[in-house]
Structures are given as C-alpha cells and as structure tokens.
Amino acid sequence: MTGKAPLYNRLALIGVGLIGSSIARASRLQNVAGSIVATARSPATRRRIAELGLADQVVETNAAAVAGADLVIVSIPVGACGEVAREIGPYLAPGATVSDVGSVKGAVVRDMAPHLPANAHFVPAHPVAGTEFSGPDAGFAELFVNRWCILTPPDGTDAAATEKLATFWRALGANVETMTPDHHDLVLAITSHLPHLIAYTIVGTAAELGEVTRSEVLQFSAGGFRDFTRIAASDPTMWRDVFLANKDAVLEMLGRFNEDISALTRAIRNGDGEKLFEHFTHTRAIRKGIVQIGQDSPAPDFGRPHPDLPHTPLPKPYAGE
Ligand code: NAP
C-alpha cells in the first residue's frame, strides 16, 4: 500500500473469466481501486468469484454492479458487449468511464457506443495478453506485465478519461498504445486472429487424416504440432465471436496469406531451395526481433519449464559389442 488514494473509487467488473479475474487480482495488489464489485452471467461463476475473494462485493445483475462505479470494465465475449451496454446505460454514474477488453474493437465500439449516455466516457481497451485457459480460476495478477494494452477511444472521447485509464493499465504492468478501432482490427487480424485460424485449421486437419492414426499425431507432436494445439485449445465462444466481429480484416489477411502459401507451394513443387531458404531466413530474423523487444523468452522451447514431465534418465551407456 502506498498510502495514496486509489486511482478509481469503485471498479465494477462485468464478466470475471481469465481477463476479468486477472484485472481483479492485479487491481487489488496495485491499489488502483478503492473497492471492487463484480458480477457474472451464471450463479456458478458468481459463487466462485466470492469463494476466491476476487471482489469486495458480488452482485447478481449488471445494473447493480455499475451503480456508483467510476470505472466499469466489461470482460465478456465481444458478441455480447452490445447487449450489456444496453442494460447498463441507464444505471451508469455521471462521469463514469466504461471500458471493455475485447479482442476486436470496431464491432465493440459500434455495438456499445449507442447505448452509453453522453455523460459517460467510453474508452475501449484490448490487453494483448492471455492464455488458452478460461474462467475465474485461470486469471493471475501478472498476466498484463510487459504486455501491450491498446486503447481505442472513439473521436471526441475526453482525453483526461483516456489518460486515466492508461494510468490504470500501466499500474497493472502493461505498456499502453492508443490507435483507432479500425487500425487495431487490421493489426490484430495478422498478429493474433489469423494465427489462431491457422492453428484451428492445422489441428483439425491433422485430427482428420485417415492414413495417420490419432495416436501417431499425439505421439510425434513435439515436431511442431503441439505448439499449434496450445493456441487451438483457446475458448471456442470467444474465438467464434472474434471471427464474426472482425470479418473484413481477417478476410483481407487471409487473402494475402493464401497468396504467400501458394508461392511457397510453388517453391516446394519446383525444388526451389533458394526461395525456401531465403524465406525461412527472413522469418527467423522476425522471431529474433520479438525476443529482442522482450515479447517472448529467448530460452529454447518458448522457455517452457517442464516440472510436470517425469524425470527421464538417459538409458544405460552403450556397452559395446
Ligand atoms: P472467459 O474466461 O471465458 O470469461 C468470460 C466471462 O464472460 C465469464 O464471466 C462469462 O460468464 C461471461 N460471459 C460469457 N458469455 C456471456 C454473455 N453472453 N453475456 C454476459 N456474460 C457472458 O473469457 P476471457 O478469456 O476472460 O475473455 C473475455 C474477453 O477478453 C473476450 O472479449 C476476449 O475477446 C477478450 N480477451 C481475451 C484474451 C484471452 O487470451 N483469453 C486476451 C485478450 C482479450 P459465466 O462464467 O457466468 O458464463
């Protein structure tokens, strides 16, 4: 505790899954909210929020959650944000900041903005941080540390409200960038949405292969496949909504991807080793760049610790003929 007043008096969290519960945990530790009130759609999740002690108060409705709150963060699938905005609009305190964490921004702004009163500040946000796990147990306070949080305030948003929310995210450990919703959606289509689509495709294709048995796919997965399976295990509801909400940008990037994969297909068919080598050298440099700016670990195997693997000693040395 710093002894200073918290940044916001009352933080309302609507939706407490991986992202919402990470915000709750980090907010507590970082003294950014005087009190936290939380709600979720299902009684089971509301019960779990209380059991985990993630909020000072757990309420049953979205309207009750936002009453008296000066910051409201909606952390639910993007397809449901419009309906929640419609519900909370009439109950927001004057001057409250309303934000979200959705992975798509254009559709969220389109769906939420019309329902929010003029005396509320709407500052959409996307913390670019996550795991393949869901629910209130999956969150942790350090999730946002050294990750980017992108704010996409619509034109005319109060600059002080945007800056205050940026301060909130910085206190949770994030680096903050501001951009337009459309630009966000284009950037994330290539850096996040297309990689997820590719992972979902490869894992599905491998699972359907007739001549390779399922057990062989699993047995030899360390050859690269298993890294796709982690991404392909991401929440189906969330990702269904992402592709529906960011349709245009994803189709644009998919078009480019298809052209590039055709070029590599041609290189393989023509035995064009030079082309393949040149391409792979270029992509290896991109990986190095990501490590250099601290967005991934330089350790082999993505820095995975392997505490869950049984210790497997080497076999006895070869005894000779
Ligand atoms: P999550 O762990 O599955 O939690 C989702 C929360 O939303 C739960 O509290 C759930 O309530 C609630 N919810 C689901 N459908 C709803 C609906 N139709 N109406 C109202 N509430 C609903 O999801 P998450 O990973 O935290 O993702 C939440 C948001 O963060 C999504 O918009 C996603 O795009 C964004 N995001 C996710 C990641 C990531 O890697 N996961 C990263 C950045 C941003 P119940 O538990 O009661 O069903």
| field | For the stretch 247-290, radius of gyration divided by Kirkwood radius, i.e. Rg to Rh on alpha-carbons | value | 1.09
| message | Relative contact order for the stretch 184-297: what percent, with Cα pairs under 8 Å and sequence separation of 6 or more? | response | 31
| field | Of 139, 204, 34, the one that fluctuates the most in a GNM where the chain has Cα springs shorter than 10 Å | value | 204
| query | How big is the convex hull of the Cα atoms of the stretch 56-103, per residue, in Å³? | reply | 80
| said: Which of 267, 245, 171 ends up with the largest GNM mean-square fluctuation for the chain, with Cα atoms connected below 10 Å? | reply: 267
| task | Can you sort 318, 91, 200, 8 by 1.4 Å-probe accessible area, starting with the largest? | result | 318, 91, 200, 8
| Fraction of beta bridges assigned by DSSP in the chain that are antiparallel (%, nearest 5) | 15
| field | Residue of 285, 40, 166 that the Gaussian network model of the chain assigns the largest fluctuation, springs spanning Cα pairs under 10 Å | value | 285
| query | Hey, any idea what Rg/Rh is for the stretch 209-270, computing Rh the Kirkwood way over Cα pairs? | reply | 1.08
| If you wrap a convex hull around the Cα atoms of the stretch 68-220, how much volume per residue is inside, in Å³? | 143
| How many Å² of accessible area per residue for the chain, probe 1.4 Å? | 56
| note | hull vol. (C-alpha, convex hull) per residue for the chain, Å³ -> 199
| query | For residue 60 and residue 254, what is the calculated FRET efficiency with R₀ set at 35 Å and r taken between the beta-carbons, to the nearest 0.05? | reply | 0.25
| Taking the alpha-carbon set of the stretch 184-297, what are its Rg and Dmax in Å? | 16.1, 42
| request: Over the chain, calculate the relative contact order: mean separation of alpha carbon pairs under 8 Å at least 6 apart, over the residue count, as a percent. | output: 15
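The values are calculated or read from the model by the stated rules, or taken from the named source; none is laboratory data. None of these values were measured; they are calculated from a predicted model. In this analysis, Cβ positions are derived from the backbone assuming ideal geometry, glycine residues included, and neighbour counts consider all displayed protein chains. The area values use the complete protein model at the heavy-atom level, side chains included, leaving out ligands, DNA and RNA. Shrake-Rupley method; radii C 1.70, N 1.55, O 1.52, S 1.80 Å.
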